[in-house]
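In what follows, a structure is listed as C-alpha cells, so that the remarks can point back to it.
The values are calculated or read from the model by the stated rules, or taken from the named source; none is laboratory data. Predicted model only: the values in this text are computed from it and were never measured. Glycine also receives a Cβ, built like all others from the backbone with ideal geometry; neighbour counts cover every protein chain displayed.
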Amino acid sequence: MFYLYLRPLKFELHPIQLKQKAIIEIMEGLVSSLFDVQSLPETYVLPPEIRPGELSFCPDESNNIPVLDLGGNDRNEIIQQIMKASQEFGFFQVINHGVSKELMDETRNVVKEFHAMPAKDKFLECSKDPNRNCKLYTSSEKYATEEVHYWRDCLMHSALSTEEYMQFWPANPTRYREVVGTYSNEVKQLGSRILKLISQGLQLSSGYFSGGLSTSPTILINHYPRCPEPSLTLGLPRHRDPSVITIILQDHVQGLQVFKDGEWITVEPLPHAFVVNIGYVLQIVSNDKLNGAEHRVVTNSSDARTTVSFFIYPSSESIIEPAKALVSACGDDPPRYRALKFKDFHVNFLSKSADAEAVHDFVSAKNI
Ligand code: OGA
Ligand code: NI
C-alpha cells in the first residue's frame, strides 16, 4: 500500500504580491463593490441596540432643522438665527449663501462619477500620496480593527487647493481637480463668513477663527450605495464631528439624521442649500455655549446617496481650549475643557469616536 504524504506547501509572498493582496482585500471591502448583494453581509449587521430599525421619513413640520437665508441685509438678525439654531439643534441649513447652483451641481456630478468608477481605478487615483492625506477607505479609517462595519465608502483629502496637496487628488474623472478645487475655495469662503457671524454671536473678536483654528480644511466625499437591509445597519454611526464646523452638500436622497430630545430628525434635502453643523472644537472653544450636534446616516434600499462634507479643522499644532472671554475667572463659569493641541485631540477622538463618554473624559477640564 502506498501512502502519499502531502507536505503543506508554504507560499512566501513577495512584498509586491503582499501589497497587491492588501489592495484586493480593501477593494473587495468597498461597499460599492457589494451593491448587488441580496442580503447584508454579517460584518455590517449592527448590535440590536444601535440598529436604526424600520425607518420612516415623514417630515415633522414642528421639528425641522432651521433654513436660514444668508442673503438678507440684517446682519444682527442672521447672527441671532444662527445662534438659536446652533443652540437648539447644532444644525442649520443655509440658502442664498453665494455659492452658485451650477458649481454645486457640477460638484455633485463629478463626485458621483468618481464613486461610479471601477474599484481598481479609484484605488489607483488615491494611492499616490506618501503622506496618506488623500485616501480611499470603506466604513471608517479603523476598518481593519473595528468590530462592525458601516455602509459607506469615503474619499478623503485636504481641501487646500494648492499644488502641494492637489497633486495627490484624483486626476480622474478628468474634471475632478478643477471642479473640486473651485468648490473648496468657495466653501472655504462661506465657512469663514459663517464663522465670523458665529464669533460675533459669541461676542468674540470677528477674526477669532480666522487663524490656526481654520487652516486645515478637509474634504470627505461620502458614498452610501443602495443597501439590501437598511434597518440593520448605518452609513455612519451616531457621532459628533471633530471639526470647528462642517458644511455638507447633500444630494436629493434622505439619510442624514440629527439627534434631538431623544429623537432622530431627518435633515430634508434641499437642492441648493448647504447643511452646517457645529463640531466638537466649537463646543470646546465656546465652553458649551454651542453644542457639537450628534448625528448619524441611515441607508435605504432604492437609491445610492453621495455627499460632500467640508470639515473646517485647526492646524495640528493649534491649541484648542475655551476662549478666555467666555470663561470667568471668579468661578461662576469655569473652563469645562482643558487646553490640548488639535493633533492630540484628533488622534484621541478618532480612536474613541464611537464612545462619546471616553472622548468627553479625555477633553474635560476635570482631567487637568
Ligand atoms: C460626516 C457626516 C453626513 C452625510 O461626514 O461626518 O456626518 O450625510 N456626513 O454624509
Ligand atoms: Ni458627521
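Structure notes:
- Pick from segment 282-310, criterion hydrophobic (A, V, I, L, M, F, W, C) and under 19 Å from residue 115 (Cβ atoms), ranking: nearest to ligand 1 (Cβ to nearest atom): 297
- Matching residues in segment 226-239 - criterion: being closer than 13 Å to residue 55 by Cβ and within 16 Å of ligand 2 (Cβ to nearest atom): 234, 235
- Test: residue in segment 297-313 that is in contact (Cβ under 8 Å) with a residue 60 or more places away in the chain, under 16 Å from residue 87 (Cα atoms), within 16 Å of ligand 2 (Cβ to nearest atom) and under 18 Å from the mean Cα position of the chain (by Cα): no
- From the list 351, 318, 328, the one residue that fits, being more than 16 Å from ligand 2 (Cβ to nearest atom), polar (S, T, N, Q) and touching a Gly at 6+ places or on another chain (Cβ under 6 Å), is 318.
- Residue selected from segment 240-283 under the condition more than 13 Å from ligand 2 (Cβ to nearest atom) and of a type in the set (Phe, Trp, Tyr), by the criterion modelled with the lowest pLDDT: 264
- Whichever residue in segment 72-110 is among the basic types (Lys, Arg) and under 27 Å from residue 240 (Cα atoms) and, among such residues, is nearest to the chain's Cα centre (by Cα): 108
- Note on segment 274-316: enclosed strands (runs of 3 or more DSSP E) holding 1 or more residues that are of a type in the set (Ser, Thr, Tyr) and under 20 Å from residue 95 (Cα atoms) are 305-311.
- Any hit, segment 271-285, residues being aromatic (Phe, Trp, Tyr), crowded, with 19+ Cβ neighbours inside 10 Å and out of contact with any Lys or Arg (no Cβ under 8 Å at 6 or more places or on another chain): yes
- Top-ranked residue of segment 122-162 - restricted to ones that are modelled with pLDDT under 90 and among the small types (Gly, Ala, Ser), ranked as farthest from residue 227 (Cα to Cα): 127
- Residues in segment 226-256 that are more than 9 Å from ligand 1 (Cβ to nearest atom) and under 9 Å from residue 296 (Cβ atoms): 3 in all.
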